[in-house]
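Chemist: To start, I am sharing the structure in question, which I have written as C-alpha coordinates.
The values are calculated or read from the model by the stated rules, or taken from the named source; none is laboratory data. Nothing here was measured: the structure is a model prediction, and the numbers come from that model. A quick note on method: Cβ atoms are made from the backbone with ideal geometry, for glycine too, and the neighbour counts reach across all protein chains shown. Note: areas computed on protein heavy atoms with side chains; ligands, DNA, RNA excluded. Shrake-Rupley method; radii C 1.70, N 1.55, O 1.52, S 1.80 Å.
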Amino acid sequence: MTSTGALTLSPARLRAVCERVLQALGSSAQEAQTVAANLVLANLSGHDSHGVGMLPRYVEAVLEGGLLPNTSVRVSLDIGTLLALDGQQGFGQVVGEQAMRLGIARALEHGSCIMTLGQAHHLGRIGHWAEMAVAQGLVSIHFVNVLSRPVVASWGGADGRFGTNPCCIGVPLQGREPSDAGPPQVASAPSGGNASHAVESAGEHFILDFATSRVAQGKMRVAHNEGRQVEPGYLIDPQGHPTTDPGVVVVPQPGAAGASLFGALLPFGEHKGYGLAVACELLGGALSGGGTMHRPADARRAVYNGMLTILIDPKRLGTQEAFAREALAFVDWVRQGPVAPGGAPVQIAGEPERAYRLARERDGIEIDAATWAEIEQAAIKAQVKL
(Lines give C-alpha, C1' and ligand atoms only; values in the text may rest on other atoms or scores of the structure.)
Protein backbone atom coordinates (compact mmCIF):
# COMPACT_ATOMS: atom_id res chain seq x y z
CA MET A 1 0.00 0.00 0.00
CA THR A 2 1.33 3.44 -0.91
CA SER A 3 1.61 6.44 1.38
CA THR A 4 -1.66 7.81 -0.04
CA GLY A 5 -3.55 4.66 0.92
CA ALA A 6 -3.62 3.33 -2.64
CA LEU A 7 -2.78 -0.29 -3.41
CA THR A 8 -0.42 -1.47 -6.12
CA LEU A 9 -1.53 -4.85 -7.41
CA SER A 10 -0.27 -7.13 -10.16
CA PRO A 11 -2.42 -7.55 -13.28
CA ALA A 12 -2.79 -11.25 -12.42
CA ARG A 13 -4.13 -10.41 -8.96
CA LEU A 14 -6.67 -7.95 -10.35
CA ARG A 15 -7.83 -10.42 -12.99
CA ALA A 16 -8.31 -13.06 -10.30
CA VAL A 17 -10.37 -10.68 -8.14
CA CYS A 18 -12.63 -9.76 -11.05
CA GLU A 19 -13.06 -13.38 -12.11
CA ARG A 20 -14.14 -14.46 -8.62
CA VAL A 21 -16.72 -11.70 -8.33
CA LEU A 22 -18.11 -12.27 -11.84
CA GLN A 23 -18.41 -16.01 -11.37
CA ALA A 24 -20.25 -15.41 -8.10
CA LEU A 25 -22.75 -13.33 -10.10
CA GLY A 26 -23.39 -16.30 -12.39
CA SER A 27 -20.91 -15.80 -15.22
CA SER A 28 -19.24 -18.90 -16.61
CA ALA A 29 -15.52 -19.24 -15.96
CA GLN A 30 -14.78 -18.34 -19.59
CA GLU A 31 -16.99 -15.25 -19.53
CA ALA A 32 -15.45 -14.11 -16.25
CA GLN A 33 -11.97 -14.51 -17.74
CA THR A 34 -12.90 -12.51 -20.83
CA VAL A 35 -14.44 -9.61 -18.89
CA ALA A 36 -11.67 -9.56 -16.29
CA ALA A 37 -8.92 -9.57 -18.93
CA ASN A 38 -10.58 -6.68 -20.77
CA LEU A 39 -10.99 -4.57 -17.63
CA VAL A 40 -7.40 -5.11 -16.51
CA LEU A 41 -6.10 -4.38 -20.01
CA ALA A 42 -7.80 -0.98 -19.78
CA ASN A 43 -5.90 -0.31 -16.53
CA LEU A 44 -2.68 -1.52 -18.12
CA SER A 45 -3.29 0.87 -21.01
CA GLY A 46 -3.55 3.83 -18.65
CA HIS A 47 -7.34 4.11 -18.88
CA ASP A 48 -8.34 3.44 -15.28
CA SER A 49 -11.74 4.96 -16.07
CA HIS A 50 -12.60 1.81 -18.04
CA GLY A 51 -10.76 -0.68 -15.85
CA VAL A 52 -11.54 -2.63 -12.70
CA GLY A 53 -13.21 0.41 -11.15
CA MET A 54 -16.21 -0.47 -13.34
CA LEU A 55 -16.67 -3.80 -11.53
CA PRO A 56 -18.92 -2.38 -8.76
CA ARG A 57 -21.27 -0.92 -11.33
CA TYR A 58 -21.40 -4.22 -13.20
CA VAL A 59 -22.31 -6.01 -9.98
CA GLU A 60 -25.16 -3.57 -9.35
CA ALA A 61 -26.34 -3.85 -12.97
CA VAL A 62 -26.51 -7.65 -12.73
CA LEU A 63 -28.36 -7.51 -9.42
CA GLU A 64 -30.92 -5.06 -10.79
CA GLY A 65 -31.45 -7.23 -13.89
CA GLY A 66 -30.06 -4.84 -16.49
CA LEU A 67 -26.94 -6.87 -17.28
CA LEU A 68 -27.43 -10.52 -18.25
CA PRO A 69 -24.51 -12.94 -17.69
CA ASN A 70 -23.78 -15.68 -20.22
CA THR A 71 -25.57 -13.87 -23.04
CA SER A 72 -24.23 -14.03 -26.59
CA VAL A 73 -24.66 -11.68 -29.51
CA ARG A 74 -27.62 -12.39 -31.81
CA VAL A 75 -27.33 -11.96 -35.57
CA SER A 76 -30.33 -10.06 -36.90
CA LEU A 77 -28.99 -9.63 -40.46
CA ASP A 78 -25.98 -11.00 -42.30
CA ILE A 79 -25.51 -10.32 -46.01
CA GLY A 80 -21.73 -10.59 -45.92
CA THR A 81 -20.71 -6.96 -46.12
CA LEU A 82 -23.53 -5.81 -43.85
CA LEU A 83 -24.17 -7.13 -40.34
CA ALA A 84 -26.87 -6.14 -37.84
CA LEU A 85 -26.27 -7.54 -34.36
CA ASP A 86 -28.09 -7.46 -31.02
CA GLY A 87 -26.03 -7.59 -27.82
CA GLN A 88 -29.12 -8.66 -25.82
CA GLN A 89 -27.87 -6.83 -22.70
CA GLY A 90 -24.90 -9.16 -22.36
CA PHE A 91 -21.47 -8.16 -21.11
CA GLY A 92 -20.04 -5.74 -23.68
CA GLN A 93 -16.61 -7.31 -23.32
CA VAL A 94 -18.14 -10.56 -24.58
CA VAL A 95 -20.71 -9.51 -27.16
CA GLY A 96 -18.37 -6.77 -28.42
CA GLU A 97 -15.65 -9.32 -29.06
CA GLN A 98 -18.07 -11.71 -30.73
CA ALA A 99 -19.32 -8.88 -32.96
CA MET A 100 -15.82 -7.77 -33.93
CA ARG A 101 -14.75 -11.30 -34.84
CA LEU A 102 -17.78 -11.64 -37.09
CA GLY A 103 -17.13 -8.26 -38.71
CA ILE A 104 -13.41 -8.91 -39.15
CA ALA A 105 -14.12 -12.25 -40.83
CA ARG A 106 -16.54 -10.60 -43.27
CA ALA A 107 -14.13 -7.75 -44.04
CA LEU A 108 -11.29 -10.18 -44.77
CA GLU A 109 -13.61 -12.16 -47.02
CA HIS A 110 -15.29 -9.32 -48.89
CA GLY A 111 -12.92 -6.38 -48.43
CA SER A 112 -15.22 -4.39 -46.18
CA CYS A 113 -17.98 -4.74 -43.63
CA ILE A 114 -20.45 -2.30 -42.13
CA MET A 115 -21.72 -3.59 -38.79
CA THR A 116 -24.17 -2.33 -36.20
CA LEU A 117 -24.37 -3.59 -32.63
CA GLY A 118 -27.22 -2.54 -30.37
CA GLN A 119 -28.15 -3.20 -26.74
CA ALA A 120 -24.68 -4.24 -25.62
CA HIS A 121 -23.91 -3.59 -22.00
CA HIS A 122 -20.90 -1.28 -21.46
CA LEU A 123 -18.41 -2.03 -24.27
CA GLY A 124 -15.50 -0.69 -22.24
CA ARG A 125 -12.51 0.89 -23.97
CA ILE A 126 -13.50 1.16 -27.64
CA GLY A 127 -9.84 1.24 -28.64
CA HIS A 128 -9.72 -2.46 -27.76
CA TRP A 129 -12.04 -3.25 -30.67
CA ALA A 130 -9.97 -1.14 -33.06
CA GLU A 131 -6.84 -2.98 -31.88
CA MET A 132 -8.48 -6.29 -32.82
CA ALA A 133 -9.10 -5.00 -36.33
CA VAL A 134 -5.72 -3.39 -37.02
CA ALA A 135 -4.00 -6.58 -35.82
CA GLN A 136 -5.60 -8.16 -38.89
CA GLY A 137 -4.49 -5.32 -41.16
CA LEU A 138 -7.92 -3.63 -41.27
CA VAL A 139 -8.90 0.00 -40.94
CA SER A 140 -11.55 0.29 -38.22
CA ILE A 141 -13.98 3.17 -37.56
CA HIS A 142 -16.43 3.22 -34.64
CA PHE A 143 -19.26 5.54 -33.60
CA VAL A 144 -20.73 4.71 -30.18
CA ASN A 145 -23.59 6.08 -28.09
CA VAL A 146 -24.19 5.62 -24.36
CA LEU A 147 -27.56 4.90 -22.77
CA SER A 148 -27.21 5.67 -19.08
CA ARG A 149 -27.64 8.79 -16.97
CA PRO A 150 -27.18 11.75 -19.37
CA VAL A 151 -23.93 13.34 -18.24
CA VAL A 152 -22.85 15.58 -21.13
CA ALA A 153 -24.35 18.99 -21.89
CA SER A 154 -25.15 20.20 -25.37
CA TRP A 155 -22.99 23.07 -26.61
CA GLY A 156 -24.65 26.08 -25.01
CA GLY A 157 -26.79 23.88 -22.76
CA ALA A 158 -26.88 23.81 -18.96
CA ASP A 159 -27.68 20.18 -18.14
CA GLY A 160 -26.81 16.65 -19.27
CA ARG A 161 -28.59 15.52 -22.43
CA PHE A 162 -26.55 12.53 -23.66
CA GLY A 163 -23.59 10.35 -22.80
CA THR A 164 -19.86 10.59 -23.45
CA ASN A 165 -20.43 8.98 -26.89
CA PRO A 166 -16.95 7.80 -27.93
CA CYS A 167 -15.51 7.84 -31.42
CA CYS A 168 -12.60 5.62 -32.43
CA ILE A 169 -10.44 5.17 -35.54
CA GLY A 170 -7.83 2.46 -35.94
CA VAL A 171 -5.31 2.47 -38.79
CA PRO A 172 -2.73 -0.31 -39.20
CA LEU A 173 0.85 0.85 -39.70
CA GLN A 174 2.58 -2.11 -41.26
CA GLY A 175 6.29 -2.81 -41.46
CA ARG A 176 7.55 -1.67 -38.11
CA GLU A 177 7.49 -3.07 -34.59
CA PRO A 178 7.94 -0.47 -31.82
CA SER A 179 10.40 -0.90 -29.00
CA ASP A 180 7.79 0.33 -26.51
CA ALA A 181 4.86 -1.78 -27.66
CA GLY A 182 4.57 -3.38 -24.24
CA PRO A 183 3.24 -6.83 -23.45
CA PRO A 184 0.90 -8.66 -25.81
CA GLN A 185 -2.78 -7.93 -25.61
CA VAL A 186 -4.96 -10.59 -24.07
CA ALA A 187 -8.15 -11.41 -25.90
CA SER A 188 -10.47 -14.35 -26.22
CA ALA A 189 -10.05 -16.96 -28.92
CA PRO A 190 -12.43 -16.94 -31.90
CA SER A 191 -15.81 -18.49 -31.14
CA GLY A 192 -19.48 -17.78 -30.91
CA GLY A 193 -19.22 -18.08 -27.16
CA ASN A 194 -16.66 -17.31 -24.51
CA ALA A 195 -13.43 -19.14 -25.19
CA SER A 196 -10.07 -19.37 -23.51
CA HIS A 197 -7.58 -16.58 -23.95
CA ALA A 198 -5.45 -16.15 -27.04
CA VAL A 199 -2.71 -13.60 -27.64
CA GLU A 200 -2.67 -10.85 -30.25
CA SER A 201 0.48 -8.83 -30.82
CA ALA A 202 0.52 -5.10 -30.12
CA GLY A 203 2.19 -3.54 -33.14
CA GLU A 204 2.76 0.11 -33.87
CA HIS A 205 -0.66 1.23 -35.02
CA PHE A 206 -2.67 4.44 -34.98
CA ILE A 207 -5.48 4.02 -32.42
CA LEU A 208 -7.47 7.22 -31.91
CA ASP A 209 -10.03 6.62 -29.16
CA PHE A 210 -11.77 9.48 -27.39
CA ALA A 211 -14.95 10.52 -25.65
CA THR A 212 -16.77 13.39 -27.30
CA SER A 213 -17.00 15.02 -23.87
CA ARG A 214 -13.87 16.91 -22.84
CA VAL A 215 -13.02 13.99 -20.59
CA ALA A 216 -14.51 10.56 -19.96
CA GLN A 217 -17.09 10.22 -17.18
CA GLY A 218 -15.02 7.42 -15.65
CA LYS A 219 -12.05 9.75 -15.30
CA MET A 220 -14.22 12.02 -13.17
CA ARG A 221 -15.10 9.03 -10.99
CA VAL A 222 -11.39 8.31 -10.54
CA ALA A 223 -10.63 11.96 -9.74
CA HIS A 224 -13.48 12.10 -7.24
CA ASN A 225 -12.31 8.90 -5.55
CA GLU A 226 -8.78 10.28 -5.35
CA GLY A 227 -10.00 13.57 -3.87
CA ARG A 228 -8.70 15.66 -6.78
CA GLN A 229 -10.10 18.76 -8.43
CA VAL A 230 -9.98 18.86 -12.23
CA GLU A 231 -8.96 21.52 -14.70
CA PRO A 232 -11.36 24.39 -15.45
CA GLY A 233 -13.48 23.96 -18.55
CA TYR A 234 -14.49 20.33 -18.02
CA LEU A 235 -17.62 20.62 -15.91
CA ILE A 236 -20.70 22.61 -15.00
CA ASP A 237 -22.61 22.26 -11.72
CA PRO A 238 -26.37 21.50 -11.47
CA GLN A 239 -27.12 25.19 -11.99
CA GLY A 240 -25.02 25.33 -15.16
CA HIS A 241 -22.10 27.21 -13.60
CA PRO A 242 -18.46 26.21 -14.25
CA THR A 243 -16.86 24.05 -11.55
CA THR A 244 -13.69 22.01 -10.97
CA ASP A 245 -15.35 19.53 -8.59
CA PRO A 246 -15.67 16.10 -10.31
CA GLY A 247 -18.19 15.06 -7.68
CA VAL A 248 -20.93 17.00 -9.47
CA VAL A 249 -21.18 14.20 -12.07
CA VAL A 250 -20.44 11.32 -9.68
CA VAL A 251 -22.64 11.80 -6.60
CA PRO A 252 -26.03 13.56 -6.23
CA GLN A 253 -25.78 17.24 -5.40
CA PRO A 254 -28.19 19.08 -3.07
CA GLY A 255 -30.51 21.21 -5.16
CA ALA A 256 -32.02 24.56 -4.31
CA ALA A 257 -35.22 22.86 -3.19
CA GLY A 258 -33.51 19.88 -1.58
CA ALA A 259 -33.63 17.75 -4.74
CA SER A 260 -30.75 15.52 -5.70
CA LEU A 261 -29.21 16.77 -8.93
CA PHE A 262 -26.12 16.24 -11.03
CA GLY A 263 -23.94 18.58 -12.99
CA ALA A 264 -22.64 17.75 -16.47
CA LEU A 265 -19.52 17.34 -18.54
CA LEU A 266 -18.91 19.71 -21.44
CA PRO A 267 -18.31 18.55 -25.02
CA PHE A 268 -14.78 18.85 -26.37
CA GLY A 269 -14.06 21.32 -29.14
CA GLU A 270 -17.13 23.47 -28.47
CA HIS A 271 -19.69 23.09 -31.28
CA LYS A 272 -17.48 20.64 -33.22
CA GLY A 273 -17.26 18.05 -30.45
CA TYR A 274 -20.95 18.55 -29.73
CA GLY A 275 -21.75 17.87 -33.37
CA LEU A 276 -19.68 14.68 -33.32
CA ALA A 277 -21.44 13.56 -30.12
CA VAL A 278 -24.80 13.98 -31.84
CA ALA A 279 -23.50 12.01 -34.83
CA CYS A 280 -22.46 9.18 -32.48
CA GLU A 281 -25.96 9.18 -30.98
CA LEU A 282 -27.62 9.02 -34.38
CA LEU A 283 -25.23 6.46 -35.90
CA GLY A 284 -24.37 4.34 -32.88
CA GLY A 285 -27.82 4.53 -31.29
CA ALA A 286 -30.55 5.19 -33.85
CA LEU A 287 -29.00 3.36 -36.82
CA SER A 288 -28.08 0.30 -34.75
CA GLY A 289 -31.61 -0.03 -33.38
CA GLY A 290 -30.22 0.15 -29.86
CA GLY A 291 -32.00 3.42 -29.11
CA THR A 292 -31.03 7.00 -28.34
CA MET A 293 -30.90 9.04 -25.14
CA HIS A 294 -34.16 10.85 -24.45
CA ARG A 295 -35.07 10.07 -20.87
CA PRO A 296 -34.47 11.91 -17.58
CA ALA A 297 -31.76 10.77 -15.20
CA ASP A 298 -32.67 7.82 -13.00
CA ALA A 299 -30.95 5.43 -10.59
CA ARG A 300 -30.52 2.49 -12.98
CA ARG A 301 -26.97 1.21 -13.04
CA ALA A 302 -26.89 -0.60 -16.38
CA VAL A 303 -24.98 1.14 -19.21
CA TYR A 304 -25.93 0.23 -22.77
CA ASN A 305 -23.94 1.02 -25.88
CA GLY A 306 -24.88 1.03 -29.54
CA MET A 307 -22.04 0.94 -32.06
CA LEU A 308 -21.65 1.45 -35.79
CA THR A 309 -18.43 -0.15 -37.04
CA ILE A 310 -16.90 0.23 -40.50
CA LEU A 311 -14.10 -2.17 -41.44
CA ILE A 312 -11.96 -1.80 -44.58
CA ASP A 313 -9.26 -4.13 -45.93
CA PRO A 314 -6.59 -2.08 -47.80
CA LYS A 315 -5.41 -5.25 -49.55
CA ARG A 316 -8.80 -5.84 -51.14
CA LEU A 317 -9.06 -2.13 -51.94
CA GLY A 318 -5.92 -2.47 -54.03
CA THR A 319 -3.99 0.28 -52.24
CA GLN A 320 -2.11 -1.81 -49.66
CA GLU A 321 1.42 -1.11 -50.90
CA ALA A 322 0.92 2.64 -51.33
CA PHE A 323 -1.13 2.80 -48.13
CA ALA A 324 1.57 1.16 -46.01
CA ARG A 325 4.31 3.30 -47.55
CA GLU A 326 2.49 6.60 -47.32
CA ALA A 327 1.14 5.99 -43.81
CA LEU A 328 4.63 5.35 -42.41
CA ALA A 329 6.08 8.26 -44.37
CA PHE A 330 3.50 10.62 -42.94
CA VAL A 331 3.92 9.38 -39.36
CA ASP A 332 7.70 9.78 -39.64
CA TRP A 333 7.26 13.28 -41.08
CA VAL A 334 5.08 14.29 -38.13
CA ARG A 335 7.46 12.84 -35.55
CA GLN A 336 10.54 14.45 -37.09
CA GLY A 337 9.19 17.96 -36.59
CA PRO A 338 10.74 20.20 -33.92
CA VAL A 339 9.38 19.85 -30.40
CA ALA A 340 7.76 22.87 -28.79
CA PRO A 341 9.84 24.50 -26.04
CA GLY A 342 9.34 22.56 -22.83
CA GLY A 343 7.21 19.98 -24.61
CA ALA A 344 7.42 16.20 -24.79
CA PRO A 345 8.39 14.34 -27.97
CA VAL A 346 5.65 14.18 -30.61
CA GLN A 347 3.60 10.99 -30.45
CA ILE A 348 0.74 9.48 -32.42
CA ALA A 349 -2.45 8.04 -30.97
CA GLY A 350 -1.80 4.62 -29.47
CA GLU A 351 1.76 5.24 -28.32
CA PRO A 352 0.88 6.38 -24.77
CA GLU A 353 -1.15 3.21 -24.21
CA ARG A 354 1.73 1.01 -25.34
CA ALA A 355 4.12 2.79 -22.99
CA TYR A 356 1.66 2.45 -20.10
CA ARG A 357 1.33 -1.28 -20.73
CA LEU A 358 5.06 -1.78 -20.51
CA ALA A 359 5.38 0.18 -17.27
CA ARG A 360 2.31 -1.19 -15.51
CA GLU A 361 2.99 -4.79 -16.46
CA ARG A 362 6.39 -4.32 -14.84
CA ASP A 363 5.47 -2.16 -11.85
CA GLY A 364 1.86 -3.15 -11.15
CA ILE A 365 -1.40 -1.21 -11.27
CA GLU A 366 -2.22 1.39 -8.61
CA ILE A 367 -5.80 1.40 -7.33
CA ASP A 368 -6.87 4.30 -5.13
CA ALA A 369 -8.27 3.48 -1.70
CA ALA A 370 -11.82 4.62 -2.47
CA THR A 371 -12.03 2.50 -5.63
CA TRP A 372 -10.66 -0.55 -3.81
CA ALA A 373 -13.24 -0.03 -1.05
CA GLU A 374 -15.97 0.04 -3.71
CA ILE A 375 -14.63 -3.21 -5.18
CA GLU A 376 -14.65 -4.82 -1.74
CA GLN A 377 -18.27 -3.72 -1.20
CA ALA A 378 -19.19 -5.08 -4.63
CA ALA A 379 -17.63 -8.42 -3.68
CA ILE A 380 -19.75 -8.49 -0.53
CA LYS A 381 -22.89 -7.87 -2.62
CA ALA A 382 -21.83 -10.77 -4.83
CA GLN A 383 -21.24 -12.84 -1.66
CA VAL A 384 -17.51 -13.13 -2.26
CA LYS A 385 -14.78 -12.52 0.32
CA LEU A 386 -11.63 -11.05 -1.21
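Chemist: Going by what's in this entry, would G343 be described as at positive phi and among the small types (G, A, S)?
Modeler: So G343 does not fit the description; no.
Chemist: Still on this model: Return the residues of region 297-338 that are surrounded by 15 or more Cβ atoms within 10 Å (Cβ to Cβ), more than 30 Å from A105 (Cβ to Cβ) and of a type in the set (A, V, I, L, M, F, W, C); say none if nothing qualifies.
Modeler: Across region 297-338, the qualifying residue is only A297.
Chemist: Okay, moving on. Just give me the residues in region 2-28 being touching a residue at least 40 places away in the same chain (Cβ under 8 Å) and part of a loop (DSSP other than H, G, I, E, B), in sequence order.
Modeler: T2, T4, G5, A6, S10, L25, G26, S27, S28
Chemist: Considering only region 290-326, state which residues are aliphatic (A, V, I, L, M) and in contact (Cβ under 8 Å) with a residue 60 or more places away in the chain. Show your work before the answer.
Modeler: First, the residues of region 290-326 that are aliphatic (A, V, I, L, M): 293, 297, 299, 302-303, 307-308, 310-312, 317, 322, 324.
Passing the criteria: M293, A297, A302, V303, M307, L308, I310, L311, I312, L317, A324.
Chemist: Let me ask something additional. Would you check which residues across region 70-109 are farther than 21 Å from H121 by Cβ, of a type in the set (D, E, K, R) and either at pLDDT below 95 or in a helix (DSSP H, G or I) (or both) and list them?
Modeler: R106, E109
Chemist: Going through region 122-145 one residue at a time, which ones are touching a strand residue (DSSP E or B) at 6+ places or on another chain (Cβ under 6 Å) and either assigned to a strand (DSSP E or B) or on the phi > 0 side of the Ramachandran plot (or both)?
Modeler: Correct list: V139, S140, I141, H142, F143, V144, N145.
Chemist: For the structure I just gave you, tell me whether R149 is over 23 Å from Q30 (Cα atoms), open to solvent by 10 Å² or more (accessible area, probe 1.4 Å) and more than 19 Å from the chain's Cα centre (by Cα). Let's see the steps before the verdict.
Modeler: Details: over 23 Å from Q30 (Cα atoms): yes; open to solvent by 10 Å² or more (accessible area, probe 1.4 Å): yes; more than 19 Å from the chain's Cα centre (by Cα): no.
No.
Chemist: In this structure, is T212 out of contact with any Pro (no Cβ under 8 Å at 6 or more places or on another chain) and either at pLDDT below 85 or crowded, with 22+ Cβ neighbours inside 10 Å (or both)?
Modeler: no
Chemist: Right, something else. May I ask you to list pairs of residues, at least six apart or on different chains, whose Cβ atoms are under 9 Å apart, with the first in region 29-43 being closer than 17 Å to L358 by Cα and open to solvent by 10 Å² or more (accessible area, probe 1.4 Å) and the second being of a type in the set (G, A, S) and assigned to a helix (DSSP H, G or I)?
Modeler: N38/G92; N38/G96
Chemist: Just to check your reading of the model, which residue among E200, E226, E204, E177 is of a type in the set (D, E), open to solvent by less than 20 Å² (accessible area, probe 1.4 Å) and modelled with pLDDT under 95?
Modeler: E204
Chemist: Then there's this: Which one is surrounded by the fewest Cβ atoms within 10 Å (Cβ to Cβ) among residues in region 364-381 that are acidic (D, E) and more than 16 Å from S10 (Cα to Cα)?
Modeler: Of all residues in region 364-381, those acidic (D, E) come to 366, 368, 374, 376.
Then keep just the ones that are more than 16 Å from S10 (Cα to Cα); that gives 374, 376.
Numbers: E374: 20, E376: 14.
Only one residue tops the list, namely E376.
Chemist: If you don't mind, there's one more thing I want to ask. Got a number for residues in region 111-125 being more than 23 Å from R295 (Cβ to Cβ) and touching an Asp or Glu at 6+ places or on another chain (Cβ under 8 Å)?
Modeler: So the count comes out to 3.
Chemist: Looking at (1) assigned to a loop (DSSP other than H, G, I, E, B); (2) polar (S, T, N, Q); (3) open to solvent by less than 20 Å² (accessible area, probe 1.4 Å), which one does T164 not meet, given that it meets all the others?
Modeler: Unmet for T164, out of (1) assigned to a loop (DSSP other than H, G, I, E, B); (2) polar (S, T, N, Q); (3) open to solvent by less than 20 Å² (accessible area, probe 1.4 Å): (3).
Chemist: Out of curiosity, is K385 in contact with a helix residue (DSSP H, G or I) (Cβ under 9 Å, 6 or more places away or on another chain), open to solvent by 30 Å² or more (accessible area, probe 1.4 Å), over 24 Å from V134 (Cα atoms) and modelled with pLDDT under 95?
Modeler: Yes.
Chemist: Criterion first (surrounded by fewer than 22 Cβ atoms within 10 Å (Cβ to Cβ) and closer than 29 Å to L287 by Cα) does E19 satisfy it?
Modeler: no
Chemist: How many residues does region 44-69 hold that are open to solvent by 50 Å² or more (accessible area, probe 1.4 Å) and either at pLDDT below 95 or within 14 Å of the chain's Cα centre (by Cα) (or both)?
Modeler: 0
Chemist: Please go through region 238-289 and pick out each residue that is in contact (Cβ under 8 Å) with a residue 60 or more places away in the chain, open to solvent by 30 Å² or more (accessible area, probe 1.4 Å) and assigned to a loop (DSSP other than H, G, I, E, B).
Modeler: Once the filter is applied, which keeps residues that are in contact (Cβ under 8 Å) with a residue 60 or more places away in the chain, open to solvent by 30 Å² or more (accessible area, probe 1.4 Å) and assigned to a loop (DSSP other than H, G, I, E, B), region 238-289 yields P238, Q239, F262, L266, E270, L287, G289.
Chemist: Against the definition (part of a loop (DSSP other than H, G, I, E, B), over 14 Å from Y304 (Cβ atoms) and either open to solvent by 10 Å² or more (accessible area, probe 1.4 Å) or in contact with a Gly (Cβ under 9 Å, 6 or more places away or on another chain) (or both)), how does W155 come out, yes or no?
Modeler: Yes, satisfied.
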